[in-house]
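Reviewing the structure listed below.
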Amino acid sequence: MRNPGENHERKVLWMLRDMPILPLLVGSFLLAIAFVPHFCTVYNLKNYLLQSADLLIISCGLTFVVLNGGIDFSVTSVLTLGSVLGAYIMALSPLAGSPALSIPVAILAMMAVGLLVGLVNGLSVTRLRMPSFVATLATQLIVLGLAVQFASLVSDTASIAGLPEAFFVLGGEGRYFFVPILIAFSVWLFSHWLLARTIFGKRVYAIGVNPKASFISGVPVKKTIVQLMIISGLFAGIASIVATARNQVGMPSLGDKMFLTTIASVIVGGTSTSGGFGGVGKTLLGVLFITLLNNAMNLLGVGWEVIMIVLGALIVVSAAGEYLLNHRQGRV
Amino acid sequence: MANVALQLSDVRKAFTGVQVLHGINLDLRAGEALGLVGENGAGKSTLMNIIGGVIAMDSGRMSLFGEPYDPRSPLSATELGIAFVHQELNLFANLTVAENLFIAGFPKTWFGAIDRRAMRRKASECIARFSLPVTPETKVESLSVGIRQMIEISRALMRNTRIMIFDEPTTSLSKREKEKLFKTINELKERGISIVYISHILEDVFRLCDRITVLRDGRIIATAPAADFSESQLIKSMVGREMTHLYPTVEKAIGSTVLLEASRISWQGIVKDVSLKIREGEIVGIYGLMGAGRTELAKVLFGVEQLDKGEVTMNGVKLARLSPEICIREQAAFITEDRFNEGLLSTKPVDDNLDLVKMADLQNRMGVVNVGERNRLNQQAIRDLQIKVSDSKRQLVNSLSGGNQQKVVFGKWVMKKPRILILDEPTRGVDVGAKFEIYTIILNLAKSGSAILIISSEIEELIGTCDRMLVMKHGVVTGDMPKSEFDREKILGLAL
Amino acid sequence: MRKCLILHAALLLAIAVLVGCGDRKDAGAGKTITLGLSYDSLESAWLVVNHQAVTEEAQRRGAKVISVMAEGDAAKQNVQIENLLARQVDAIICFPKDSAAIVKSIKNCRAAGVPIVMINRPVSGAILPDVQIIANNQDMAYKVLKSFANMARARGATYKVVLLIGNLSDENAVLRKAGHQRALAENSDVLSLVAEVPTEWNQDTALKGLQNALQANPGASLIVTPSDYLFPPIRAVLQQRSRWAKRGEPGHFAVVSFDGDEVGMQHLKDGYSWANAAQDAHLEAKLAVEWAFNLIAGRQPPQRVIYDEGQIVTAGNFNEVAPNVWSYPLLR
Amino acid sequence: MKANQHLGNALLLLLTKHGVYAALLTLVILFSLANRQFCTSDNLLLILQQASPMGIAVVGMVFVLLVAGIDISVGRSMFLISTVIGFLGTIGNDVLGAWLNHSWGLALILGLVVVMGGMIGLLNGVLVARWHMLPFIVTLATGSIMRGVGLKLSGSASLNVPPKLVTLANGRVGFIPIVVVVFVVVVVIFDYVLRHTQYGRHLMAIGASAKNANRAGIKVNRNLVIAYVVCGVLGAVGGILSAGQIGSVAAGFGEGNEFIVISAAVLGGTSLFGGKGSIFPGAVIGIILITTIMNGLAMMNASPFIYTIAKGLVIFFAIALDSIRYRGELR
């Protein structure tokens, strides 16, 4: 600041601190193009984007909660219950005969599941004053149990197949591969708009930094927290639509293993776990990076267990890096 | 000088550029009780925190019984025999009395477990000394504040203590408990332990202390045997400073409409039956000592805490329920005393702080904030309040000086053009120059017809700015006087 | 600042190392055939042997093998198969996690023109893979229990049956349950069902479930398990109740099993169990690789499903039949 | 109105303090009515036996919860530890094999893997205490690392554990299962540590207020780390016994155990906000209650998916009760 020579360095530092993931993403992408066989093919890049789609949707929702310094473990269960319920409506319910009716009803139902679970989470946090990480841990179990129980009641086999072909468009079947990408992008754009442009977004950031000061400044803290939990649930519901359409069955195990990648996308992207800093822009980079990692390692034949180790280590490194940077800045 | 327990020479300390202690020289003799008096903000707590190892001094020397003394942590101070009885309680409510007494070092059996029998025995002795109505096994959470404080004192006494510092120890004690404490303190003196006794209750200070030191504005004004002071002399030397800063003069008129009215407000036994009325253009001050219930009154008025009894009327509207949101709707504003925790998003840029209140008015039906308008208003506020910030979009609030931080808080509310302002310690941690600017802001707001309530522990400030003053003591209003009757000693007398 | 840069450099380096670790010999490879293996998991001993046999057989034929593991996540298996397709494998051999969800991958393979062979676990759905190499689950489950019933009838014994049930998202489990139930119904004179214990293919669930079922039904005397994989918990429970005894010894508790892997056959040989339906890990591997090569060469199979008829080994015919079972050489 | 509020508060206090006993009693009566086999000495012993391995882990979790931390990696550290034991058996080294089949050799190896559990706890503790990271994020991440390492070791196959261990975990002393004996010993030792040692009292103090504890001269960070180490060690012991009970370690082993462990601790009255909780009776009654629910539901032939829902509801209500008087930030 005082020394003009430091100016350039400060700019780089600012960029690195604000978006440490960006150079990493670009670097990894170049590495992947150079060294991973078949990475840079149309088929694979298409896959790459498709694989990011549902992850992006669900991570965007989670970003809102993390911005408040909380967490939402229940998103994966919403994915599961949504998938099973939607598939039931489209394949087994009395509506199943007419896809024109059953598909919209199913879509609404899947979103309603997310909305409802989000509402329960939000009320648990604000009214019952439960910390979100346990409230959602509990709802995760309950919703998952409901999903599996429901599936076992309506169907002999656990997964529900026989969904209408038209529904698969939402999952990017055949030449409609752009549809899920478009959905994910719209959700992302909407989230970005919410956070950057609307009063709701500004309030989310304010509460994340200092709930007490926000309350005194007239921010409806409880209402906003309920809203962001609902968004998290709702987006998980939307992700459930895309994921179900992509896998073409309703699966009671759909979200089981997805939480780690989701939270890793948010945290590695650079949203602070203590709240108030970050956003869906960073989450987008996080999603692209994590999916790239998954995709490239898969192409290289690296096992999923290695990917798990890498994801865990990345979360630790990101959180530690955040601590180091903030500590020096005197934030904390 | 063999009998000097603790010697301080030229101890200095500054916080964010504001000098709090200007070269303190102090001797504490072995076995004496030294009273330390001064207004709030005179630097007593800072001084004691330096001695207790909670904060480090900037420069100066301390020596303890002739040895150089520079504590790194509260622990090292404790180990060297300095014990602290704080205003706020330091006990663990989930543990028993005996456990609390021995928390720093339990008596142990040969294999390392806690020797319960020894602990109970020693604790019983301790309890017996104060004849407290507890057993060693009583859980602290079930005890009254007074008893807890006595336990805290006992805890300090258990250690090999040579110097004990009491910071307002009697605020929550009953009369009987207080008598017991005084008896103990006298015993301690006889055993050769030095006492530093900080209190606003001058009567107690006279009764207990051998010598009294008066601290004002971070300087020692006088140190003399207690017998050399009279109570009125003492008060005079506590407040009797020359006007160090000037107050702006703004011509304004007080209207007849009552904008803020509170009647018979009570909250949790800390605010008791308080009523007040403020008219448009009027500035009302509330003076009181720490713990008088001033801050709590402000919080209740603004709905931060829910009042137990009473009514609040704003702009002639009787409010059934109070919350910051509702108060803001009635065009009220509240500047808290705790800027860091309650006023600012300190890790966010200036812009994000300035628009926090106003942004609710800048949204369209979709909830989209009009960014252009916001930036315009922010820039206007920065200009109007002369906030010194280079890049309001990027620069974090916590990188600003105290005065500019406070101006950001003002800016946040002023943008909303409030009709009612509640200001709690509006110039705390603000340097002299910025104080003047803040007074100007306040007076101009009053000129434009706002009703203003200022809470402060600086009498000067209230005398310089207010049209009327209330004095609070133990949650009750003990005095109400117009500007013509302002008199420092009378005000302090009502508050003490 | 420097720390920040070093951190980035280190992370990129780590990624580069990971990339370097992967094999990329096929980058410019010529005409070698590449087989993609997508297994759900290798939880049971049968699968371990089968997976190894497939790999060895393929390599013997000069093919290169890329193996991915879905770790019990059907959605991930679909993604992994997409990535295998991106790597331009010539054929895929798949042990699916979810019999319904895998249909999506079959479609993808169709679209990419890559043949896919299912091994051991059948597909339930409208679209079948090019070839399924599977055991005749329902038939074998029926036969093995029926042969036990015949032995019981001959000895004049009657049994109260505790039936273990696998994960119902696995078509194998569904079919074996059906086979077992048919045998139970037909032989109700000697076999009566007292409890069904869902295991989810989880040994811990099986342990607790079995403990509770035996507690609730003290008269039970036969455990029917759909897989040798569940033998460890069965053995543990019986040991706890002092019922782990050989045939003819006091306290003996009868067991009828499925798979014919090393563990199951050893228990049969040692006299702890009565009968086992052995499916051939080696044979199925050999057939799968053979048909993968046939399909690559454009030869279509006579029928879509090729059965491993399996062998029913019982206490009575052990000496004659067991030597034909693949795991026989491994027995002690 | 005031009086009403007081009554409500008193009721709430009663519920939080003694609700778990009432619930246990009600359940026992209900299940006994539903199935005659429930209230037999055999079945009650079985419940104890099923509860013991997880119960040992709950004791460790109480330590972490007391200092307002949490360890959601406990299920996965169980998986890693048990996999290591199974893996040693597959190496095929003769010496190692002989050790695994020898009582003292096995004891030594078990001792070593328990130390490994302690190291995992140490890592968690250091990241939480020294690096000021949120406990649930830290343990989520380390948990996934451990799972990855475990899967890498086992190649996702199920591994057999040494027969000696199976005999140990399923054996009995007289009529009492050995695991129950181990559980009782652990409870007695750690309850003693918590109640009667300086360390235990310091944990309570830190949980009540870390700031005050620091001022009172307690070494907060060191005590915090030790709490995580205890949790890691006891998690490892619980995991080993659980694997021994099953007789093998499959890829799904340990998944979800953290739910059981945490909810048992909270049901037993341990607060998530620190400073409140006990091992006996708290942790013990908590894990017995959960096991009883599972056992009873199984006896009533309930669908296994109902278990998941029941587990979720139990943890939800336990934590809702715990949170009612919480006055901190909402997040």
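The values are calculated or read from the model by the stated rules, or taken from the named source; none is laboratory data. Being a predicted model, the structure only gives us computed values, none of them experimental. Neighbour counts run over all protein chains shown; Cβ positions are idealised from the backbone, glycine included.
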| request: Out of A:F185, A:F167, A:F133, report the one residue that is under 26 Å from A:L56 (Cβ atoms), within 14 Å of chain D (Cβ to nearest Cβ) and either free of Cβ contacts under 8 Å to residues at least 60 places away in the same chain or assigned to a helix (DSSP H, G or I) (or both). | output: A:F133
| said: Here is a check on your reading of the model: is D:G238 under 15 Å from the mean Cα position of the chain (by Cα), modelled with pLDDT of 90 or more and assigned to a helix (DSSP H, G or I)? | reply: yes
| Count - residues of segment D:209-235 that are in a helix (DSSP H, G or I) and at pLDDT below 90 | 6
| request: Run down D:A298, D:A318, D:A251, D:A310 and say which single residue is closer than 30 Å to D:L100 by Cβ, among the aliphatic types (A, V, I, L, M) and modelled with pLDDT under 90. | output: D:A251
| query | If you go through segment B:359-376 one residue at a time, do you hit one that is assigned to a helix (DSSP H, G or I), more than 8 Å from chain A (Cβ to nearest Cβ), crowded, with 17+ Cβ neighbours inside 10 Å and touching a residue at least 40 places away in the same chain (Cβ under 8 Å)? | reply | no
| message | If the requirement is being within 30 Å of A:V310 (Cβ to Cβ), in contact (Cβ under 8 Å) with a residue 60 or more places away in the chain and aromatic (F, W, Y), which of these qualifies: D:F63, D:F87? | response | D:F87
| task | List the strands (runs of 3 or more DSSP E) that sit entirely inside segment B:7-113 and contain at least 1 residues that are closer than 30 Å to B:I455 by Cα and not assigned by TED's automatic domain parsing to the domain that holds B:E461. | result | B:18-29, B:33-37, B:82-85
| query | Of the numbered conditions (1) surrounded by fewer than 24 Cβ atoms within 10 Å (Cβ to Cβ); (2) in contact (Cβ under 8 Å) with a residue 60 or more places away in the chain, A:S98 satisfies every one except a single condition; which is it? | reply | (2)
| message | Restricting to segment D:11-48, and then to whatever is touching a residue at least 12 places away in the same chain (Cβ under 8 Å) and small (G, A, S), can you tell me which residue is farthest from D:V314 (Cα to Cα)? | response | D:A34
| remark: Screening B:I442, B:I454 for residues that are in contact (Cβ under 8 Å) with a residue 60 or more places away in the chain and touching a Cys at 6+ places or on another chain (Cβ under 7 Å) leaves only B:I454
| What number goes with the only condition from (1) small (G, A, S); (2) within 14 Å of chain C (Cβ to nearest Cβ); (3) touching a helix residue (DSSP H, G or I) at 6+ places or on another chain (Cβ under 8 Å); (4) in a loop (DSSP other than H, G, I, E, B) that D:A302 does not pass? | (3)
| message | Looking for something within 14 Å of chain A (Cβ to nearest Cβ), part of a helix (DSSP H, G or I) and not β-branched (V, I, T) - is there at least one such residue anywhere in segment D:159-180? | response | no
| remark: If we ask which residues in segment A:280-305 are of a type in the set (S, T, N, Q) and more than 10 Å from chain C (Cβ to nearest Cβ), their number turns out to be 1
| request: For C:E82, indicate whether it is facing chain A (nearest Cβ under 10 Å) and at pLDDT 90 or above. | output: yes
| field | segment A:274-297, subset under 15 Å from the mean Cα position of the chain (by Cα) and not in a helix (DSSP H, G or I), residue surrounded by the most Cβ atoms within 10 Å (Cβ to Cβ) | value | A:G278
| request: Spot the failing condition for C:A281; the list is (1) within 20 Å of C:R176 (Cα to Cα); (2) surrounded by fewer than 24 Cβ atoms within 10 Å (Cβ to Cβ); (3) out of contact with any strand residue (DSSP E or B) (no Cβ under 7 Å at 6 or more places or on another chain), and only one is missed. | output: (2)
| field | Breaking point among (1) within 8 Å of another protein chain (Cβ to nearest Cβ); (2) closer than 23 Å to D:L112 by Cβ; (3) more than 15 Å from the chain's Cα centre (by Cα), for D:G244 | value | (1)
| task | List the number of the failed condition for A:G312; all other conditions in (1) within 30 Å of A:A106 (Cα to Cα); (2) more than 14 Å from the chain's Cα centre (by Cα) hold. | result | (1)
| Does A:F39 meet the test of being of a type outside the set (S, T, Y), within 12 Å of another protein chain (Cβ to nearest Cβ) and assigned to a loop (DSSP other than H, G, I, E, B)? | yes
| query | Regarding B:L181, is this residue under 24 Å from B:R29 (Cα atoms), at pLDDT below 80 and either surrounded by fewer than 17 Cβ atoms within 10 Å (Cβ to Cβ) or of a type in the set (A, V, I, L, M, F, W, C) (or both)? | reply | no
| request: Would you mind stating whether D:L272 is closer than 30 Å to A:T224 by Cβ, out of contact with any Leu (no Cβ under 9 Å at 6 or more places or on another chain) and facing another protein chain (nearest Cβ under 8 Å)? | output: no
| said: When you check D:M54 against the structure, is it touching a Ser or Thr at 6+ places or on another chain (Cβ under 8 Å), under 17 Å from D:V161 (Cα atoms), within 11 Å of another protein chain (Cβ to nearest Cβ) and surrounded by 17 or more Cβ atoms within 10 Å (Cβ to Cβ), yes or no? | reply: no
| Residue in segment B:141-154 that is buried (at least 16 other Cβ atoms within 10 Å of the Cβ), among the aliphatic types (A, V, I, L, M), in the same structural domain as B:K44 (by TED's automatic domain parsing) and in a strand (DSSP E or B) present | no
| message | Of all residues being closer than 13 Å to C:Y142 by Cα and among the small types (G, A, S) in segment C:174-213, which is nearest to the other protein chains (Cβ to nearest Cβ)? Just the residue, please. | response | C:A178
| said: Residues to consider are C:V68, C:V123, C:V89; find the one that is within 21 Å of C:A278 (Cα to Cα), within 12 Å of chain A (Cβ to nearest Cβ), of a type in the set (V, I, T) and in contact with a strand residue (DSSP E or B) (Cβ under 9 Å, 6 or more places away or on another chain). | reply: C:V123
| remark: Turns out the strands (runs of 3 or more DSSP E) fully within segment C:220-332 with at least 1 residues that are closer than 20 Å to C:I93 by Cβ are C:254-259, C:305-308
| remark: The lone condition D:V185 fails out of (1) more than 9 Å from chain B (Cβ to nearest Cβ); (2) in contact (Cβ under 8 Å) with a residue 60 or more places away in the chain; (3) not polar (S, T, N, Q) is (2)
| message | Out of the residues in segment A:306-318 meeting the condition of being more than 12 Å from A:L260 (Cα to Cα) and surrounded by fewer than 23 Cβ atoms within 10 Å (Cβ to Cβ), tell me which one is nearest to the other protein chains (Cβ to nearest Cβ). | response | A:V316
| field | Scope segment C:97-120; condition of a type outside the set (V, I, T), within 13 Å of chain A (Cβ to nearest Cβ) and assigned to a loop (DSSP other than H, G, I, E, B); matching residues | value | C:K97, C:D98, C:S99, C:A100, C:A101, C:G113
